[in-house]
Structures are given as structure tokens and as C-alpha cells.
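Engineer: The structure follows.
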Amino acid sequence: MCTVVILRRPGHDWPLLLAANRDEMADRPWLPPARHWADRIEVVAGIDQLAGGTWLGLNDHGVVACILNRRNSLGPDPRLRSRGELVLEALDHADADDAARALGGLDGRSYRSFNMVIADNRDAFWIRSLGEADDGRVSAHAIPDGLSMLTARELDDPQSPRIRLYRPRFAAAPAPDPAREDWSGWQRLLACRDALDGEGPGEAMTIETDHGFGTLSSSLIALPSIERVGATPIWRFAAGRPDRTPYLPVAIGENRPAARAP
């Protein structure tokens with residue numbers, strides 16, 4: 001499973017902060033975030049070289065989208081479409097609300113079960129599908145202001161050992177200061193190998209196992225408010241386990257559209 005942490009702060013200079021660890025099989029090939037798609041030149045995202053989609057991306061309108069497997073749904077199903085396509089579909093939209101409405105109309109039976117986050121500098125949504133187990137229903141839920149956390153279960157689900165351990169830690173940590181390039185509190189938590197007593201390494205924030213599954217990369221993203229004239233989103237990316245790989249800036253590019261007004 002993967003982990004996404006979202007901090008929503010309406011009225012702040014940086015109203016949306018997002019952190020994400022990607023957990024996957026180590027032998028699944030991928031490339032770091034860039035403009036990989038000739039037919040989607042407005043999208044910066046990592047690319048899954050196996051299926052051609054992505055797990056996390058940002059477009060030039062300031063929409064960020066990411067996808068997570070739900071429990072017991074790791075890996076592709078040859079009968080179904082790749083979930084990585086859904087992030088690209090979300091990033092075809094100029095704001096998060098339109099993207100959430102569009103994805104809410106999908107038939108989830110075409111994909112394995114998933115969670116998604118779609119957000120911009122005004123709105124944020126959790127998109128949920130249980131696939132065939134729920135007759136393909138895809139539902140969109142507004143993510144509340146403040147801190148939220150998503151893994152392979154429900155948003156802020158107390159049944160998730162990782163959420164029970166780490167959500168209070170993120171809440172207590174100093175909020176990142178993107179303008180000063182200070183993400184230190186969140187970086188330490190994203191790199192943490194702690195798990196609740198009785199839980200295995202798969203419930204840590206950074207995962208390492210003996211069967212090839214683990215944390216392959218980590219992201220820190222900040223979206224600026226409309227009041228920060230000329231400001232662009234910030235994306236810092238660790239192209240490996242965050243406990244031993246530095247975060248480096250992603251080249252977002254020049255001539256981006258201005259941040260969207262509330």
C-alpha cells in the first residue's frame with residue numbers, strides 16, 4: 001500500500017500541502033516525475049513503464065492527483081484497465097472539482113479497487129472504488145480542512161495501524177514551510193521505520209521487506225494561493241527510500257498558468 005498525508009489550510013499562503021510515499025514491487029520499472037507524455041504536455045508526473053500511467057502527478061493548472069491500491073489489490077489484472085490511467089484522466093481537468101465529478105461517473109468494474117486524492121489550491125477530494133465488489137460504484141468525498149491521511153483503507157481510518165501510529169505524529173510535527181524550503185518534520189516521519197507493537201514492517205511509513213515489496217519513492221508537494229503572485233507549485237522528490245535518498249526539486253517548468261482564484 002501507499003500513504004498520502006494532506007494538510008488543507010484555506011486562507012494560507014500555501015493552502016495545500018501533500019506528502020506521499022509510494023510502495024510497490026521493486027522490479028516494476030518506473031521513471032521520476034517529468035513531462036513524459038507527448039499528448040499531455042501540461043502534466044508532470046512519474047511514469048509507470050509497465051502500464052504507461054502514473055501514481056502521482058501535477059498539471060499546469062495546479063491540480064495534483066495520486067492513486068493508491070486498496071487492500072489485497074496489489075499488481076495488475078490482465079482483465080482490467082490500469083489504475084494509473086485514472087491519474088492522467090484527472091489531470092486532464094483544470095480544477096479539482098471538475099476532475100472529481102468526472103471520475104465519480106466512471107464504472108469502477110473496469111479497474112481493481114482504488115483510493116485517489118485529487119486537489120488544487122481550493123478543493124480536495126477522496127475518490128473511492130471497491131471495483132466489482134461494489135458493482136463498480138465510484139464515490140467522491142470532500143477532504144476536510146486540516147490534516148488527513150489515506151492508506152489502503154478509508155480516509156483517516158482508525159482500523160489502519162499506520163494511520164493510528166502516524167497521524168498523531170504528523171499532527172504534532174511542525175508544519176512544513178515551503179517558502180523557506182523547510183520540510184524537515186515531515187521528512188523525518190516519511191522516513192520512519194516504526195510500526196505499532198505486533199504489526200510487521202508493512203505498517204511502517206517507510207517499508208522494507210524480504211520479498212521485493214517496499215517504499216520506492218517519496219514526494220512533498222505544496223500548492224500556492226492566488227495571492228502569491230508569480231508563485232508556482234513546489235514538488236520535492238526522493239527517487240528511492242526516503243530514509244536514505246535525498247529530496248530534490250522537480251522541474252515544474254516555466255510559463256505556467258496563474259494560480260486559480262477562489
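The values are calculated or read from the model by the stated rules, or taken from the named source; none is laboratory data. Worth saying up front: this structure is predicted, and the values here are computed from it rather than measured. Because the Cβ atoms are built from the backbone with ideal geometry, glycine has one as well, and the counts that use them run over all protein chains shown.
Engineer: Collect the residues in region 35-72 that are closer than 27 Å to LEU7 by Cα and more than 16 Å from the chain's Cα centre (by Cα), keeping them in residue-number order.
Structural biologist: ARG35, GLU42, ASP60, HIS61, ARG71
Engineer: Based on what the data block shows, is ARG137 at pLDDT 90 or above, over 26 Å from GLY62 (Cα atoms) and in contact with a strand residue (DSSP E or B) (Cβ under 8 Å, 6 or more places away or on another chain)?
Structural biologist: Yes: the conditions hold for ARG137.
Engineer: Please work out which one of (1) surrounded by fewer than 19 Cβ atoms within 10 Å (Cβ to Cβ); (2) assigned to a loop (DSSP other than H, G, I, E, B); (3) at pLDDT 90 or above is the condition ARG71 fails and give its number.
Structural biologist: (3)
Engineer: Let me ask something else about it. Quick check on my filter: what residues within region 63-99 are under 24 Å from ALA222 (Cβ atoms) and touching an Asp or Glu at 6+ places or on another chain (Cβ under 8 Å)?
Structural biologist: Listed by number, the residues that qualify are VAL63, VAL64, GLY84, LEU91, ASP95, ALA96, ASP97, ALA99.
Engineer: If you go through region 164-191 one residue at a time, how many are in contact with a Leu (Cβ under 9 Å, 6 or more places away or on another chain) and under 23 Å from LEU16 (Cβ atoms)?
Structural biologist: 13
Engineer: Restricting attention to region 142-151, does a residue exist that is exposed (fewer than 15 other Cβ atoms within 10 Å of the Cβ), of a type outside the set (Gly, Ala, Ser) and either within 30 Å of ALA171 (Cα to Cα) or in contact with a helix residue (DSSP H, G or I) (Cβ under 7 Å, 6 or more places away or on another chain) (or both)?
Structural biologist: There is at least one residue in region 142-151 that is exposed (fewer than 15 other Cβ atoms within 10 Å of the Cβ), of a type outside the set (Gly, Ala, Ser) and either within 30 Å of ALA171 (Cα to Cα) or in contact with a helix residue (DSSP H, G or I) (Cβ under 7 Å, 6 or more places away or on another chain) (or both).
Engineer: From the list ASP134, ASP92, ASP156, which residue is under 28 Å from PRO201 (Cβ atoms), surrounded by fewer than 20 Cβ atoms within 10 Å (Cβ to Cβ) and touching a helix residue (DSSP H, G or I) at 6+ places or on another chain (Cβ under 9 Å)?
Structural biologist: That would be ASP156, the only listed residue that is under 28 Å from PRO201 (Cβ atoms), surrounded by fewer than 20 Cβ atoms within 10 Å (Cβ to Cβ) and touching a helix residue (DSSP H, G or I) at 6+ places or on another chain (Cβ under 9 Å).
Engineer: Only one of ARG70, ARG137, ARG164 is in contact (Cβ under 8 Å) with a residue 40 or more places away in the chain and of a type in the set (Lys, Arg); which?
Structural biologist: ARG70
Engineer: Still on this structure, please answer the following. So for region 109-128 (the condition being in a helix (DSSP H, G or I), touching a Leu at 6+ places or on another chain (Cβ under 9 Å) and either buried (at least 21 other Cβ atoms within 10 Å of the Cβ) or among the β-branched types (Val, Ile, Thr) (or both)), does at least one residue qualify?
Structural biologist: No, region 109-128 has no match at all.
Engineer: Looking at ALA99, ALA45, which one is surrounded by 20 or more Cβ atoms within 10 Å (Cβ to Cβ), at pLDDT 95 or above and assigned to a strand (DSSP E or B)?
Structural biologist: Result of the check over ALA99, ALA45: ALA45.
Engineer: Follow-up question, since we're still on this one. Search region 52-65 for residues that are touching a residue at least 12 places away in the same chain (Cβ under 8 Å) and pair each with any residue that is surrounded by fewer than 24 Cβ atoms within 10 Å (Cβ to Cβ) and acidic (Asp, Glu) when their beta-carbon atoms are under 7 Å apart and the residues are at least 6 apart or on different chains.
Structural biologist: GLY53/GLU85; THR54/ASP48; TRP55/ASP48; ASN59/GLU42; ASP60/GLU42; HIS61/ASP95; VAL63/ASP95
Engineer: Here are the criteria: (1) touching a helix residue (DSSP H, G or I) at 6+ places or on another chain (Cβ under 9 Å); (2) part of a loop (DSSP other than H, G, I, E, B). Tell me which single one HIS61 does not satisfy.
Structural biologist: For HIS61, the failing item is (1).
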